[in-house]
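Some notes on the structure that comes next.
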Amino acid sequence: MNLARIITESADAHPERPALLVGDETVTHAELASRAAAVAALLQERGVRSGDRVATLLPNGAAAVAALLGIWRVGAIAVPLNVLLARPEIETRLELAQVTVLLADEDELAAAGGDVVIASREPGDPAAILFTSGTSGTPKGAVLTHGSLWAAAAGAGAAMAFQPEDVVLGAAPFSHVLGLSTGIVSTLAHGGAVAVERRFEAAATLERMRRTGTTILLGVPTMCIALCDAARGLAADALPPLRVAHIGGAAVPNEVADAVERTFGADLVEGYGLTEMSGIATTYGPGDRRRPGSVGRPLPGTEIAIAVADETGRGEVLFRGPSVVAGYWQNGAATGEAISADGWLATGDVGYLDEDGYLFLVDRKKEVVIRGGYNVYPREVEEVLYAHEDVLEAAVLGIPHPSLGEEVAAVVVLRPGAPANADELRAWVKERVAAYKYPRVIAFVDTLPKGPSGKILKRAIDRDALARPST
């Protein structure tokens, strides 16, 4: 059940078919299998054994994919890290996962050679650790197993009817569950190709999609808006042969869905995924009619339930099935809070089901801000603000943004007489967290609303203050 076999089996079936399209380079399935084997040999030379944690700090590209497959080949556990993370964030994750080797040099990996027999793995064996901060602000390593990743990837591929001829836009970071599960595992397992994008820039990405013949887009609503704008006025032959745009990370406005279908002649499919489900959890199947506001139905084999539903049928969304993660790395308390003894995962999201079993999300129990498809956990940013000597109190929350979905905002109470301004605090946070996390909007207030216990009541914060950021 070792996921490294997805590339060896596809290389046997169609060795010359493109697997990765990176810039002007085409990497075939056979070549990628060879590169993965070479990475495995390099790791073995360094003493890596089954069960060891090996981190990657690599941008989207051939080296990142070969590294992931090579790590699995020796039976180790991959810890993919986002290259946008700040140094303290990287160090924390390396320590928590007890990483033995960090792969961060693309040239070194490209020069590797050798071969290693694929290690034996069981479905329940850990394959990857992906970090999520949660509402506490403390990173937690979700343990995706070979079986859970395969279940999510296979289900997503079936829902989107992946074919060997498909070219999937690889714009989602491979360190993110969507890029890892659907972008890499599902695409390669079905014999398709990933058109790798290291940085999304609408006009350039659109042209690249045309040149590579991209048929499937995995993205967020902001990408769709930008691509439709870039395509305005272009002839049909200047557009890619897109057939499916699978969108998640934020609600998709009807006008955005209509624009994608009108511009590209492609079906827009809204889905819902999360790290703890090893990728996509709900989506639409081939031929399903899109229901505005719904993120579809669970993948085959996955159960869904609504816990403690109110009179309107709304409650916390629960899942149970083969793609649920094994838990959080060496964090039994967090695992017990999220996954019940009988296997139900509590998502922290609030929703309801219609009469046909389609899921509608209405709120998030957790206070996660989703900025352009990236999750930003307020507590993590708040802790950085609190570390500034001038900050007395801080509350971080999301405010509506026309293209990003949500923007990160901070409401701050300064210590008496403190001289800090918004620019200084922005720079302070920016140096310590990933670029998408720092608050672009900072407002200063004399006091923050609190409940009887002294807890800050974010729902009572004056949103008008955020519309008038201080400088």
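Taking the listed residues I456, I442, the one that is outside the structural domain of V220 (by TED's automatic domain parsing) and either touching a His at 6+ places or on another chain (Cβ under 8 Å) or surrounded by 20 or more Cβ atoms within 10 Å (Cβ to Cβ) (or both) is I442, with no other qualifying. When only residues in segment 205-233 that are among the polar types (S, T, N, Q) and more than 20 Å from the chain's Cα centre (by Cα) count, which is surrounded by the fewest Cβ atoms within 10 Å (Cβ to Cβ)? Result: T212.
Just one of the listed residues (L149, L102, L144) is within 19 Å of A63 (Cα to Cα) and either among the aliphatic types (A, V, I, L, M) or surrounded by fewer than 18 Cβ atoms within 10 Å (Cβ to Cβ) (or both), and it is L102.
Checking each residue in segment 243-269 for being in contact with a strand residue (DSSP E or B) (Cβ under 7 Å, 6 or more places away or on another chain), farther than 24 Å from E165 by Cβ and free of Cβ contacts under 8 Å to residues at least 40 places away in the same chain picks out V252, A257. Against the definition (touching a Lys or Arg at 6+ places or on another chain (Cβ under 7 Å) and aromatic (F, W, Y)), how does Y352 come out, yes or no? When the stated conditions are applied, Y352 passes them.
Just one of (1) surrounded by 24 or more Cβ atoms within 10 Å (Cβ to Cβ); (2) in contact with a strand residue (DSSP E or B) (Cβ under 7 Å, 6 or more places away or on another chain) fails for D166. It is (1).
Enumerate the strands (runs of 3 or more DSSP E) found wholly within segment 71-150, keeping only those where 1 or more residues are polar (S, T, N, Q) and modelled with pLDDT under 95.
Hits in segment 71-150: 126-132.
Scanning segment 289-312 for residues that are within 19 Å of A152 (Cα to Cα) and either not polar (S, T, N, Q) or not in a loop (DSSP other than H, G, I, E, B) (or both) turns up V295, G296, R297, P298, L299, P300, G301, E303, I304, A305. Here V256 meets each of (1) in a helix (DSSP H, G or I); (2) in contact with a Leu (Cβ under 6 Å, 6 or more places away or on another chain) with one exception, condition (2). When only residues in segment 341-369 that are over 24 Å from E380 (Cα atoms), among the small types (G, A, S) and without any contact (Cβ under 8 Å) to a residue 60 or more places away in the chain count, which is surrounded by the most Cβ atoms within 10 Å (Cβ to Cβ)? Checked segment 341-369; the qualifying residue surrounded by the most Cβ atoms within 10 Å (Cβ to Cβ) is G351.
Cβ separations smaller than 8 Å between residues 6+ apart or across chains give no pair from segment 112-129 residues that are touching a residue at least 40 places away in the same chain (Cβ under 8 Å) and not assigned by TED's automatic domain parsing to the domain that holds A55 to residues that are assigned to a loop (DSSP other than H, G, I, E, B) and polar (S, T, N, Q).
The values are calculated or read from the model by the stated rules, or taken from the named source; none is laboratory data. Here the structure is a predicted model, which is why all the values come from computation and not from measurement. Here the Cβ is made from the backbone with ideal geometry for all residues, glycine too, and neighbour counts use every protein chain on show.
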